[in-house]
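The values are calculated or read from the model by the stated rules, or taken from the named source; none is laboratory data. This is a predicted model, so every value here is computed, not measured. Heads up, the Cβs are rebuilt from the backbone with ideal geometry, glycines too, and the neighbour counts pull from every protein chain shown.
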Amino acid sequence: MLESENIACRGKSVLRLLPCPLHWSSISLLALVCVLMCNAPIAAQTENHSTTAHDRVMTRSPFVIGFERFGKHGELPELQAGSLLIGELSCVNCHHSKDDWLQPKRGPRLNGVGNRLQQEWLRRYLSDPQVVKPGTTMPDVLSSLTVDQRAEAIDALVAFLSTQQQPFAVLKADGIAPVIHEFWKRGNRERGAEWYHSIGCVACHEPDADYETDEAKPSAIDELLEELDEEQIAELGLSAAARRVESIPHGDLPSKYTLRSLTMMLLDPSIVRPNSRMPSLRLTPQEAADIAAYLLGENVSNETGYENDQPLQQLIDRGRSLFVELRCANCHESTGVKDERQAKPLAQLDADARSSCFESPTADMARYHLDDAQRKAMLSILKGGVTPKRTASDAVSFRMLQLNCYGCHERGERGGVGRYRKAYFETVGHVDLGDEGRLPPSLTGVGRKLLPQALAAVFHPKTTPHRPYMTIRMPTYSADAVKPLLTQMAKADEVDRSKDDEVFSEPQSASIGREMVNTGCVQCHPFRGESLPGVVGIDLNDVTARVDPQWFHEFLFNPNELKNRTRMPTFFPNGKSNRPDLLEGNVDHQISAIWAYLKNLEKEPLPEKIEAARIANYELVPEERPIVLRTFMDAAGTHAIAVGFPAGVHYAFDAEHVRLAIAWKGRFLDARGTWFERFAPPAQPLGEQLVNFPLGPPFRADDPREYQFRGYRLDSKGVPTLLYKYGDLLIEDRIEPNGDTGLKRTLTIAADSSDAGVLLRAHAGKKLVATGSRAYKNDGGLMVTVSESLARAGTLQQSDDQQEWLVPLLIKDHMTIELEYQWRIAR
Amino acid sequence: MENRSLITTILILLPCVTVMGADENDYYRLISVSTASAATESRSKNWKPAPDGLALEISGMDFLDDGRLAVAIRKGDVWILDGVYDDPPSNVTYNKFATALHEPLGLLQLDGDLYTTQRSELTRLRDLDGDDVADEYLTVAKGWGVTGHYHEYAYGPKLDGDGDLWITLNIGLGLKGPELKRALPNAALGYRQGRWRGWGMKVTSTGELVPVCAGMRSPAGLGANADGDMFYTDQQGNWVATNSLHHMRPGVFFHHAEALASMNEPGSTIHDVEKVPGGLPLPQALKEFKQLRPPAVWFPYKKMGQSATDIMLDESDGKFGPFAGQLFVGEFTQAGINRVFLEKVDGEYQGACFPFRLGLASAVLRMVQGADGSMFIGLTNRGWSSLGDASYGLQRLVWTGQTPLEIKEMRAQPDGFELLFTLPVDPKTAGDVTSYRMTSYTYLYHSTYGSDEIQVETPTITAAEVSEDRLRVRLRVDGLRELFVHELVAAGVRGESGQALLHPEAYYTLNRIPTGQTR
């Protein structure tokens, strides 16, 4: 567990902590300060711990967040409160019990403790856990030893633990996962402070009072609380909401960790702490290093202290047997130790014993430093006898207490981000979305809302966040850790699951759904990554795969009914549709149509308004001058040069095969794929009247000649003239609209010497039909017109599969040819 | 929506915050000319430029004779920027010079015209009437295969000492559908690639496209050294064990076997490869594959970056600090820049690489040196991932005038190495063999993605002799191995004022152990 009020390391003012209401008593705080600040040897301090009464003053009790926040204030059923403590304090590791709820949290794995934690810290910690790490759930197992025995035991245990060495995980790096060499040395404290205060650490741990959050509108509930006095708060049942939530302490981290070990712990806490109380916050290596740098401050240690110190084998062996004898092994995994030493089973414990782990421990009992409330709650379980029946709802809330889901999420009027912490929960870019846009969602009724696979996905490390606009991150948990939530949530929320074809028994057309969402949804929601400018919200792309259809129906019908104070407006005020023109205003049918549209969103066109916004960004619209785009096109190949004209007639030239490839009318092209998509998809003509030009180049000769594309030149109006060579002939090819009905092509040929061996391929097709005296139309609907003189010289030539209109050219030094293209393609 | 000036301000401030350990910023200061966060992740299908317009995803850069900076951007424009030397750069102007280029990945100014390589051709951009807008887009060379696969990037051009232009062509990665129809028919060894994919090409002053060398995977950077010899960088992946720097010369094969698809094309300089060995340690693979040549420098993965990009020669004669004449190599994923020292042993280049600078705002794709010696750095990370807070932009790296204590050169010797430092070292620590740690390793030559360091050993440093001027240390080493990377960490060496090395690491690719004195 981490802690932030770590007085010694960050040099924060101690006074800052004193005024905190409901913090531990000022006396214990001062005592702690004394301990941490004085340089007296630890042994001397532990000597002072001779009476129980003194202990209560000097040390804190174990900190179990669910109990501190709710149990202490009578907000948990007795059964939950006591069970929670027994589990979190791992009682059952020694005092066997089969009761599900009492199963132990267990301590961290110690297999790698020898290269993770600092030797000196470990020594001090073992000598008095609750003083060195206030709030720890580890008991003092040496409490009944004499001072000398204790010192000897610590030497032996530390010697044994120094042998627990385990290499750190090696992180996978590739083109999409940057991992800098020795990244743990490259943390940045300022950035670490930002991460710490924005991504969720302070949902459980103490924020730095000096950290300035960006200005955010206070939460509505907090605003209300500010206005009320205590009595009114109690009357309104807001006592829990008004209470400052205590922070899970993280102890003296700089004395405990090295930069590397803390960075690696943050990156994947489950390696050392499989109990999931500290979850992974999906950190990148760099973020973990930044946070570690922030938490450790300036006095960073890169060594554990074991490095140059080889303890005697005898001492190690003694430590290993003590590790078992003192029952350390019951809670902590270590390498080479399998034995455990059980104590009396839980059911046989005497709740009224004069001497116990609770009170005045003797012999081999552990000392827990419990406070009165904790003792009372745990005793109620020991005295409890028959275990009452537990519901699915109990199972869910119990696991949420253990994992402190309540630190962020409200469910059933319990928990949620505590008062004074909400300022750390921000919306990316400070867009005002209200509390919904910055605080984790309420989980009341979530079993009804989310489909089982969607609920499971929430915990998965690979799932991308559904609310990317929140700075807070949903931590990851293994399926095992959240099993009670996955298996019991639906039952707890009394879900009567229906399939969508049952809920929407009369399927409606997706295109009407598209029109529906265009009316309202697009104002606040992106659709498969696209949105209106400035819109921030949950993407509706996979919503039908995530939410229950019945819930969807009810939520759309009346959002406030299912979600208190939501900003989602209803589009069916008083049960009547805003769009009476669609589906005769039938509300059920309209919601059904929206479902149908969203279900097929991957394939459906975007909502019209979003499509229009997208076009404004990426569609090339020639207004005053032509627009050129070099790209890939299906019809013009991978060397395509597309040219769009204000007149609304466009063409694409294939510069590889040196031919005019395709022409079309209306809208030109969308450049997004060419400009910004990694996989470089071919650009598709947006307009209509697409006409493919005959395959093959514009000229032919009997002698072998090669085409060489040479680029293009833009004139003062931006019209390109394509340049190429055919053998020694220099050709300039200018293609432009002929009014708005077709294209006019001017071929200018320059030759060094007179050349009579070239034929113009004026047209080609499976079948050419003469249209007047100087035009032919092919089977593709393309008509080519040439000058009368060329027409007179031209002949039709039939080959195996096509007819070509060939015109022999007599080129002296210079020649200009004009061709007109016209087409009208029936749709 | 975010406002550009705010973003720029934040990014200007970022390098000022303390980074733990030695601080590169004390010696080389970053100035953000223009950087912008993208609204979406660099790998998102819906990636969008920042809403303020110009997507300055710099893919090519060069200076015009009047001192203005021309930049090519990935969406296909060339812009001319003025005011880039201002500090702070508050009055930069942008003028669109050319447009409609197909993913240009280089820019070179030559005799007043700009040259760029598009996916399908090398293009010369000419402004005929002096209005700072290109009028002619002339095809200088084309003819390499473009099947339509996205990975078939084309880079360059860069100019060598003979006045020839060089370009490099990415290999395609698994062609599909219509792409296969554009692959070379009857390609050698049955590989399916477009013509000259994975080759280094030269374009002579008469416009002839000449294939020179082959076996490239993703040759995103090329550049000449001070002698005018042309180099390229490759990126870890299939057949490529880790990032590397290679000397391009005729008939040489580097890594990626599928480049052999063009072996039988007219003009090919590689002949008679019948079988490509796979799964062998590099020294053995070199014996079995006679056209295969080791890189001049390996960049060990993670330690020296994850994706090498541009090559920039420091021609500033000291205006950019103590590394005049050396090469700088861009690093994409880690948003940084590395440094390379090269020497010739038995007529072949080999040498060492060193960390130089991290902490750029995004992936480094292009670098060019300004007239004042400062380095202009073009950034873009779209499609992959990088460190840094921006998706694209332009930053400038300025030497502060403070000389960092660095290993400037690492030279191979018959019995070890000679180190040259940028500043005099403390003879006690520098003369102590325990101040150094050396390991050596090689890689597997195989078709899978990247290679671990294999056959790792720890050569013994038997002596460290400090020269009289305290600038050089001669390391005598037992256990040198040819064709192995020799990694040196000189963590214990101190400068005269007790300072540690800014970067204690050096990685020497010891292809050949010199037999005589090399200097």
key: Selected residue (criterion: surrounded by the most Cβ atoms within 10 Å (Cβ to Cβ)) from residues of the range A:615-646 that are under 28 Å from residue A:532 (Cβ atoms) and facing chain B (nearest Cβ under 10 Å)   = A:631
message = Considering only residues that are buried (at least 17 other Cβ atoms within 10 Å of the Cβ), of a type outside the set (A, V, I, L, M) and within 14 Å of another protein chain (Cβ to nearest Cβ), which ones fall in the range A:679-706?
response = A:682
task = Determine the pairs where a residue that is within 10 Å of chain B (Cβ to nearest Cβ) and closer than 15 Å to residue A:430 by Cα, located within the range A:520-538, has a partner that is surrounded by fewer than 17 Cβ atoms within 10 Å (Cβ to Cβ) and among the hydrophobic types (A, V, I, L, M, F, W, C) with Cβ atoms under 6 Å apart, the partner being 6 or more residues away or on another chain.
result = A:534/B:1; A:536/A:431
message = Would you confirm, using the coordinates I've provided, whether residue A:640 is assigned by TED's automatic domain parsing to the domain that holds residue A:728, outside any strand (DSSP E or B) and under 26 Å from residue B:176 (Cα atoms)?
response = no
task = Could you grab me the full set of residues in the range B:50-66 that are more than 14 Å from chain A (Cβ to nearest Cβ), in contact with a strand residue (DSSP E or B) (Cβ under 8 Å, 6 or more places away or on another chain) and surrounded by fewer than 19 Cβ atoms within 10 Å (Cβ to Cβ)?
result = B:63, B:64, B:65
key: helices (runs of 4 or more DSSP H) wholly inside the range A:319-425 that include at least 2 residues being surrounded by 22 or more Cβ atoms within 10 Å (Cβ to Cβ) and under 33 Å from the mean Cα position of the chain (by Cα)   = A:392-403
task = Check the range B:78-89 and report whether any residue there is within 21 Å of residue B:152 (Cβ to Cβ) and either within 13 Å of chain A (Cβ to nearest Cβ) or in a loop (DSSP other than H, G, I, E, B) (or both).
result = no
All positions within the range B:311-334 that are more than 25 Å from residue B:282 (Cβ to Cβ) and either of a type in the set (A, V, I, L, M, F, W, C) or assigned to a strand (DSSP E or B) (or both) = B:312, B:313, B:320, B:323, B:324, B:328
query = Of the numbered conditions (1) outside any loop (DSSP other than H, G, I, E, B); (2) within 26 Å of residue B:304 (Cα to Cα); (3) over 22 Å from the mean Cα position of the chain (by Cα), residue A:161 satisfies every one except a single condition; which is it?
reply = (2)
task = Mind counting the residues in the range A:301-318 that are at pLDDT 85 or above and loosely packed, with under 15 Cβ neighbours inside 10 Å?
result = 4
ask   = Across the range B:67-91, which residue is farthest from residue B:388 (Cα to Cα) among those that are in contact with a Pro (Cβ under 7 Å, 6 or more places away or on another chain) and crowded, with 21+ Cβ neighbours inside 10 Å?
value = B:76
task = Filter the range A:646-682 for residues that are in contact (Cβ under 8 Å) with a residue 40 or more places away in the chain and under 20 Å from residue A:711 (Cβ atoms) and give the result.
result = A:651, A:653, A:655, A:656, A:657, A:658, A:660, A:674
remark   = All conditions in (1) over 30 Å from residue B:236 (Cα atoms); (2) surrounded by fewer than 19 Cβ atoms within 10 Å (Cβ to Cβ); (3) in contact (Cβ under 8 Å) with a residue 40 or more places away in the chain; (4) at the interface with chain A (Cβ under 10 Å from one of its Cβ atoms) are true of residue B:134 except (2)
message = Test of understanding: among B:156, B:148, which residue is at positive phi, at the interface with chain A (Cβ under 10 Å from one of its Cβ atoms) and of a type outside the set (S, T, N, Q)?
response = B:148
ask   = Within the range B:290-303, which residues are under 26 Å from residue B:166 (Cα atoms) and either surrounded by fewer than 18 Cβ atoms within 10 Å (Cβ to Cβ) or within 14 Å of chain A (Cβ to nearest Cβ) (or both)?
value = B:290, B:299
task = Tell me, please, whether a residue that is under 40 Å from the mean Cα position of the chain (by Cα) and assigned by TED's automatic domain parsing to the domain that holds residue A:737 can be found in the range A:647-658.
result = no
Residue in the range B:431-438 that is more than 30 Å from residue A:195 (Cβ to Cβ) and in a strand (DSSP E or B) present = yes
query = In the range A:132-143, is there at least one residue being in the same structural domain as residue A:371 (by TED's automatic domain parsing), surrounded by 21 or more Cβ atoms within 10 Å (Cβ to Cβ) and not in a loop (DSSP other than H, G, I, E, B)?
reply = yes
query = Would you pick out the residues in the range A:457-507 that are over 30 Å from residue A:271 (Cβ atoms), outside any helix (DSSP H, G or I) and in contact with a His (Cβ under 9 Å, 6 or more places away or on another chain)?
reply = A:504, A:506
message = Quick check on the range A:200-223. Is at least one of its residues surrounded by 14 or more Cβ atoms within 10 Å (Cβ to Cβ), of a type in the set (Gly, Ala, Ser) and modelled with pLDDT of 85 or more?
response = yes
Segments classed as strands (runs of 3 or more DSSP E), wholly inside the range A:665-778, with at least 2 members that are touching a Leu at 6+ places or on another chain (Cβ under 7 Å) = A:699-701, A:707-714, A:729-738, A:742-750, A:755-765, A:775-778
ask   = Is it true that residue A:246 is free of Cβ contacts under 8 Å to residues at least 24 places away in the same chain and over 22 Å from residue A:434 (Cα atoms)?
value = no
remark   = Scanning the range A:288-299 residue by residue, the ones that are in contact with a helix residue (DSSP H, G or I) (Cβ under 8 Å, 6 or more places away or on another chain) and surrounded by fewer than 21 Cβ atoms within 10 Å (Cβ to Cβ) total 2
inquiry  = Would you confirm, using the coordinates I've provided, whether residue A:44 is in a loop (DSSP other than H, G, I, E, B) and modelled with pLDDT under 95?
reply    = no
request  = For the range B:114-126, state whether one or more residues are over 27 Å from residue B:397 (Cα atoms), of a type in the set (Gly, Ala, Ser) and either within 13 Å of chain A (Cβ to nearest Cβ) or touching a helix residue (DSSP H, G or I) at 6+ places or on another chain (Cβ under 9 Å) (or both).
outcome  = yes
request  = Exactly one condition in (1) surrounded by fewer than 24 Cβ atoms within 10 Å (Cβ to Cβ); (2) more than 8 Å from chain A (Cβ to nearest Cβ); (3) of a type in the set (Gly, Ala, Ser) is not met by residue B:106; state its number.
outcome  = (1)
key: Qualifying residue in the range A:166-185 (condition: crowded, with 20+ Cβ neighbours inside 10 Å, outside any helix (DSSP H, G or I), hydrophobic (A, V, I, L, M, F, W, C) and touching a Phe, Trp or Tyr at 6+ places or on another chain (Cβ under 9 Å))   = yes
